[in-house]
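Take a look at this one; I'll ask things after.
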Amino acid sequence: MNELFNKKENKINLQFDNHLIKNNNLLKNRLLEIPKTSGCYLFKDENGEILYIGKSKTLRNRVNSYFSNFRELSPRLSLMVRQITEIEIILTDNEFEALNLESNLIKTNKPYFNILLTDDKKYPYVCITWSEKYPRIYITRRRRNRNNLDRYYGPYADVGLLRKTLFLLKKIFPLRQSKLSKSFYREITGVDLEEISSEDYKKIIKQVSMIFQGRNEDLVKFLRKK
């Protein structure tokens, strides 16, 4: 194997003489050379053609998962893994940078297996349905422009963190989607949240939307003043 490392570009090329899946000892040793940091990985075949591009916040674990669970992969992924002879690693400072880099690399190179798996891998957005009388806030992986008034925020790399954020917002703000905030709002104000006017409710949603716009400091100032 020949290893090529360019510190300036944060790139690592792991080149193999054979298809990796056929040489367990070589595969095991080489996987240990992949950093446990965030970045993108490019799988290539024996002709140097890019088969697939992915990203991860822990590159070694992610790349290893393709080979350790080889028999459990879908037929398409299994076919891809059997063709891998080279792995290129591009390091990033964080997962968000890796997400953006992955998107740009896929658009530029259009790898065969990324195109096949387009429908299997989409990053989540937050949708606020401003077109409705009482807007809803929910997580979705599809941007459907059914109404120009609705707004999408994202995409987000960490769906787990996104769910926790949305759960916390539903505890803090009186949202009709949350049973907890409904009862709390009724207890504090004596008003049933279901009876609040559409105009007043949209003012609440506007405050929540500031979080997804990155206007956290503005929201904190507003709440303190209030």
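Is the shape of the stretch 22-134 best called rounded, prolate or oblate, per the rule: a/c under 1.5 gives rounded, else a/b larger than b/c gives prolate, else oblate, with a ≥ b ≥ c the square roots of the Cα gyration tensor eigenvalues?
prolate
Let me ask you something else. Using a 10 Å cut-off around each Cβ, can you sort Ser103, Ser38 from fewest to most neighbouring Cβ atoms?
So the ranking, lowest neighbour count to highest, is Ser103, Ser38.
For Asp200 and Glu217, compute 0.36 nm times the residue count separating them, minus their Cα-Cα distance, and round to one decimal in nm. Please list the in-between numbers first.
Working: separation 17, 0.36 × 17 = 6.12 nm, distance 2.23 nm.
Gain on stretching Asp200 to Glu217: 3.9 nm.
Please order Leu105, Leu149 by the number of other Cβ within 10 Å, starting at the fewest. Walk me through the numbers before you get to the answer.
Working: Leu105 19, Leu149 11.
Least to most surrounded, the residues fall as Leu149, Leu105.
Of Val208, Val126, Val159, how do they rank once you tally other Cβ atoms within 10 Å and put the fewest first? The partial results should precede the final answer.
Numbers: Val208 19, Val126 22, Val159 14.
Neighbour counts put them in this order, fewest first: Val159, Val208, Val126.
Simple spin-label model, 7 Å along Cα-to-Cβ: Ile139 to Tyr123 in nm?
1.5
Read the figures in this text as sums done on the coordinates, not as results from a lab. Treat the numbers as computed from the prediction; the structure is a model and nothing was measured. Glycine gets a Cβ as well: all are built from the backbone with ideal geometry, and neighbour counts include every protein chain shown.
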